[in-house]
1. Under 5 Å between amide hydrogens, which residues at least 5 positions from Thr61 or on another chain qualify, with H placed 1.01 Å from N in the peptide plane?
2. Rank-order 131-138, 35-42, 77-84 by packing density, defined as the average count of other C-beta atoms within 10 Å over each peptide's residues, highest first.
3. What is the calculated FRET efficiency for Leu31 to Leu107, with r their C-beta to C-beta distance and R₀ = 25 Å, to the nearest 0.05?
4. Volume per residue, Å³, of the convex hull around the alpha-carbon atoms of the range 22-145?
5. Show me, for the range 65-82, the HN-Hα J-couplings you get by feeding each phi into the Karplus relation (A = 6.51, B = -1.76, C = 1.60, θ = phi - 60°), rounded to Hz, glycine and proline as x.
Amino acid sequence: MIEYGSRALFRVQPYLTRPQPVMLRSIAAVLAGLIATLALVIVLTYLSGVLSGASATSPPTPLYLGLNLVGGAIAGASGGAVAVRLAPHTPHGHMWALALVILILSLPIIFSAPSPGQPIWYGIVLSVLGPVSVVAGGLAAVRWKGPSE
């Protein structure tokens with residue numbers, strides 16, 4: 001700090017000279033939410049195939065598509081809850097960041113032709129369902145987290 005009389009001309013802020021653990025925790029919270037979402041999508045997609053009797057070579061059945069949409073919603077909500085629970089501050093911001101990441105990752109699904117046997121609406125619904133379920137799960141986690149945590 002350089003002073004001129006009783007006034008400080010400028011101060012060197014200590015946070016500019018060392019890494020920010022809060023920022024690293026924020027990044028980790030969003031990444032953990034993303035990893036939780038992707039892991040659950042993989043597991044629940046596999047279970048959807050097993051429960052519906054679908055195989056990799058056959059076209060998807062309506063039961064498989066429905067179970068996959070439900071699984072996607074569960075995975076997104078869980079990822080949003082993980083991001084909110086691990087957020088060091090502003091849990092809503094972490095929830096929205098994860099929803100944006102999921103939306104960006106789903107853009108190729110929105111703009112590509114549907115896979116053989118899939119209805120045209122399926123990719124769009126799946127791409128919108130991801131971010132919406134992240135927000136729903138994040139809001140539920142904020143509500144359950146309570147002010148004391």
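Coordinate-derived values only; no laboratory data. None of these values were measured; they are calculated from a predicted model. No Cβ is skipped: glycine too gets one built from the backbone with ideal geometry, and neighbour counts run over all protein chains shown.
1. none
2. Working: 131-138: 23.6, 35-42: 17.4, 77-84: 27.0.
In descending order of packing, they fall as 77-84, 131-138, 35-42.
3. Values: r = 19 Å, r/R0 = 0.77.
Efficiency for this residue pair is about 0.85.
4. Details: hull volume 11.4 nm³, N = 124.
Output value, Cα hull per residue: 92 Å³.
5. 4, x, 5, 5, 5, 5, x, x, 5, 5, 5, x, 5, 5, x, x, 5, 5
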